[in-house]
1. L628 is checked against (1) over 21 Å from L596 (Cα atoms); (2) more than 22 Å from the chain's Cα centre (by Cα) and fails just one. What number does that condition carry?
2. Hey, among the residues in region 611-633 that are of a type in the set (G, A, S) and part of a helix (DSSP H, G or I), which one's surrounded by the fewest Cβ atoms within 10 Å (Cβ to Cβ)?
3. Which of the following residues is touching a helix residue (DSSP H, G or I) at 6+ places or on another chain (Cβ under 8 Å) and part of a loop (DSSP other than H, G, I, E, B): I575, I537, I602?
4. Considering region 504-523 alone, what residues qualify as being among the aromatic types (F, W, Y) and crowded, with 19+ Cβ neighbours inside 10 Å?
5. Starting from residues that are farther than 25 Å from A530 by Cβ and assigned to a loop (DSSP other than H, G, I, E, B), keep the ones in region 634-666 and report whichever is most open to solvent (accessible area, probe 1.4 Å).
6. Select, from E107, E123, E96, E82, the only residue that is open to solvent by 10 Å² or more (accessible area, probe 1.4 Å) and in contact with a Leu (Cβ under 6 Å, 6 or more places away or on another chain).
7. Going by the structure shown, is I61 part of a loop (DSSP other than H, G, I, E, B), more than 29 Å from F386 (Cβ to Cβ), modelled with pLDDT of 80 or more and open to solvent by less than 40 Å² (accessible area, probe 1.4 Å)?
8. For region 589-608, name all the residues that are crowded, with 23+ Cβ neighbours inside 10 Å and farther than 22 Å from M342 by Cβ.
Amino acid sequence: MNSTINVGFIGNPNCGKTTLFNAYTGANLKVANWPGVTVEKKEGHTTYENETFKLIDLPGIYSLSSYTMEETVSRQCIMSDEIDVIVNVVDASCLERNLYLTLQLIELGKPVILALNMMDVVEERGMEIDFHRLPEMLGIPAVPVSARKKTGLSILMHTVAHHKTELRQSPLIHHHPGKHSFHVHNHHDEFTMVYEDYIEDKIDSVIKALEEKYPELPVKRWHAIKYLEFDTDVMSRYPLSIENIAERSYEKDIINQKYDFLEEIVSEVLVNKSEKAASTDKIDSYLTSRYLGLPIFLLIMAFVFFLTFTVGDWMKGYFEICLVHFTDFAAGCLSSIHADPMLSSLILDGIIAGVGGILTFLPNIFILFLALAVLEDSGYMARVAFIMDGIMSRLGLSGRAFLPLLLGFGCTVPAIMASRALENPKDRFKTILITPFMSCSARLPVYVLFSSMFFGKNAMLVCYSLYLSGIIIAIATAYVLCKIDGSKAEHALLIELPEYKSPNVHTIAIYVWEKVKDYLSKAGTVIFIASVIMWGILNFGPSGYVTDISQSFGSLIGKVVSPLFEPVGLGYWQIVVALIAGIAAKEVVVSSCSVLFGIQNITSSSGMSSMVSALGAIGFGAANAYALMVFCLLYVPCAASIAVMKRELGSSGKTALIILYQLSVAWLMSFIAYHAGLLLS
C-alpha cells in the first residue's frame, strides 16, 4: 500500500464539511446547522483504490486572515507539512460567498480540490453549475458531492489521489470583459487570482525583496500579498522593510478585487440563478424580529418541554414497569439462593435502585435532545444565536459567547471547552463562570422527579421556570461583571443564517445517539460507582455494618452540614448527602434519594407516593422541593466540569472562586425561592 495522503477538509461554517468528513470516516462528530461546532481539528482515515487517506477536519472559517482562533488554527495547519492536499468544501448553493476562501487557499501554493457540496439543494432551486467552465476559471478540479446523500464521495477521493501533486489544472482561461492589463507579466496565464496592475506591481516588488532576504521562503507570491495586507503574523515571522513599496495596507483593495472576480465567476458558471426563497425572508421577518424573536424562541422552548414531559413521561411509564419486574425478578433470585442480607441490600437498594431509577428518565432525555437536534439541523438555532448577539453585546460579552452557552443545555463539559474560541481572556472567564447556570441534561431527572411529585399537572411549567431562571441569573451575573470591570464587547458574532431545510434523519440520529450513549455510559460508570459508594456510607458507620441508617457515616456527615442548609429549606441530612453526592453527577441526586430513603423504583407512581410520604414525615413540602431544584440548578457543576474548568482557566484559584460564587448564588436563590414558596402556600 502506498504512503498515506494527508487531506485537509476546510470550508465556511454550514457548508456540510463535518458531515462529509463523517461520511468518509464514520466518525460520530457533533454536526449542527450553526457555526462554531468544530472548535478543534478532528482526524480520521479512509481508503480508496489501495490508497490510504488521513482526513483532517478543520474549523469552519470564512477566510485565512487570522482574526479569530479558528482562522489561525486552520491557516497554521494548512501551511504546515501536515497537509498534502486541501479539499475545500463549499456550499454550491452559495458560490459567491464560499469561493472567497477558495481564492485564498489557491494562493497558498498547495493542491486544492473543490468539493461542491449540497448539490441536491442546487437542483431543488432549479439552478445549474457549468462544471467545465468553473475549473477553467479557478484552475483546480471541481467535484459535485452531496454529503447528506453520500453521492460523489468516490470520485472526490479519486480526484484527490490523482491531483495530489498538481498545483494548477490546465487550461486557465479568464475573459475579464471590459478590463485591460498593461502589466509587464502576463499573470493571467499563471495565477487564478490576478489583481489590478498597481497591486501586481507592488506584489512583484515585495517578491523581489523577499528573494534577496529570504531566498528559501516558499510561495513568495502569497507572502507578498500578506505583506501588502499588513498581516502581523507574516511580518513578525519574516521582518522586511516595505515602507518604500506600501505606504498603507492594501487589504481592502485586495478583498474588493477578489469579490469582483467572484462576481465574474458566478455570472459565467451559475445558470438559472434564482432569487433567494421568499419564504425564508418572510419567516425570518418574524423569527429574527427585534421584538418577536426572543418571545418566539421562549415559546418554542416551552413546546419542547411540553413534549419532554407529555411524550417523555408516557414512554417513561413503560420503563418503570420493566424496572419493577426486573427488581422483583432480582429479589426472587437472591431469595432463592439465600443470599446474604447485606449483598441483597447492595444489589437491590444500592445498584438497581440507584442506576435503574436514572435509566427510567431516558425517554425524557431522548425527547429533549431529539427536539433540539431538529431545531439545529433545520437552521433555526443559527437564528437564535443571531437574536442573542445583541443581548450578549449589552452584557459586555462577545456574541460568540452565546455558542458555549447554547451547548451548555446539552452538557457543561463541551460547553466550557467551546469557550476557548473566545480570544479575550476576560470574555473566556465570564463565559466559563456563567455557563454552568445553563440547565444541562443531567439536571433534568431531578426536575422531572421532584416537580412530578409535588406539582402534579404544573410540573412542566415548574421545570420550564428553572431553565429560564438559569438563563436570567447567567445574564444578571454577566451584566454585573460588565459594570464592575467596564468591559465592552470586542468581537461581534459573525454568523451565517442558512436557508431553512428539512432536518436530515441521519444527522439527527447521530446527534441523539451520541447524547443517549453518553447518558447510558454515565449510568454504567459514574452513577453505578456513586450508587455503590452511597449505599456504603449509608450502611456502614463507626461500628461497622448497620441496619439503622441514622447510625451510618452518611447520617453523621449530613447532620454536621445540614445546619447551613436550614435557612433555605434543605436542612435535612438526607437531602444534604444527596446534594454532596450530586457533585459526581447531577443525576446521582435522584439515585441517592432512592438509596437514602430506602425506596425502590422511585420513579414509579408507587415509588413517588412513598417518597412524598417519607419527605412529608420530616416536614419536606412543595416549597422545599422547589428550593431543592433551584439549588441543583445553580450549585457547582459535576466533577468532570470542574476538572475541565480548571484546565481551560489554567488556575486553581480562579476555579475555586467560580465554585464559591456558584455555591453562594445557589444558597441565596434557594433562600428566596423557599421563603417565597412559604408565603404563597
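The values are calculated or read from the model by the stated rules, or taken from the named source; none is laboratory data. Keep in mind it's a predicted model, so treat the numbers as computed, not measured. So basically every Cβ, Gly included, is an ideal-geometry build from the backbone, and we count neighbours across all protein chains shown. We work out accessible area using only protein heavy atoms, side chains counted, and drop any ligands, DNA or RNA first. Shrake-Rupley method; radii C 1.70, N 1.55, O 1.52, S 1.80 Å.
1. The number of the failed condition is (1).
2. Result: A617.
3. From the options I575, I537, I602, the qualifying one is I602.
4. The answer is Y511, Y519.
5. It comes out as G650.
6. E96
7. no
8. Listed by number, the residues that qualify are V589, V590, T603, G607.
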